[in-house]
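The values are calculated or read from the model by the stated rules, or taken from the named source; none is laboratory data. All of these numbers come straight from a predicted model, not from anything done at the bench. Remember, those area values only see protein heavy atoms, side chains included, never the ligands or the DNA or RNA. Shrake-Rupley method; radii C 1.70, N 1.55, O 1.52, S 1.80 Å.
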Amino acid sequence: MPSPDNLQILLAEIAELIRRDDIPRRIDLTRRALRLIDRQKAPELWAALTGSLAMSLVMGPAGDPAGNVE
């Protein structure tokens, strides 16, 4: 099982990524964080990160925003 410290490190780094140029890194880190979270045990955090990932995908710098949605 992954360490909670690893999750805290990811969350701290995600919180600092606020520029448009940071979006690809934010997407990567958010996906990694979501793999460490049990949706049943932390539904609010899971939902917040999922929403953040969705917004990052829509706002991503590459191509048409509609194409960035999985």
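For Asp5 and Arg35 in one chain, what is 0.36 nm times their gap in residues minus the Cα-Cα distance, to one decimal in nm?
Details: separation 30, 0.36 × 30 = 10.80 nm, distance 1.41 nm.
Stretched out fully, the Asp5 to Arg35 stretch lengthens by 9.4 nm.
To the nearest 10 square angstrom, how much accessible area does Leu11 have with a 1.4 angstrom probe?
Accessible surface of Leu11 is approximately 40 Å².
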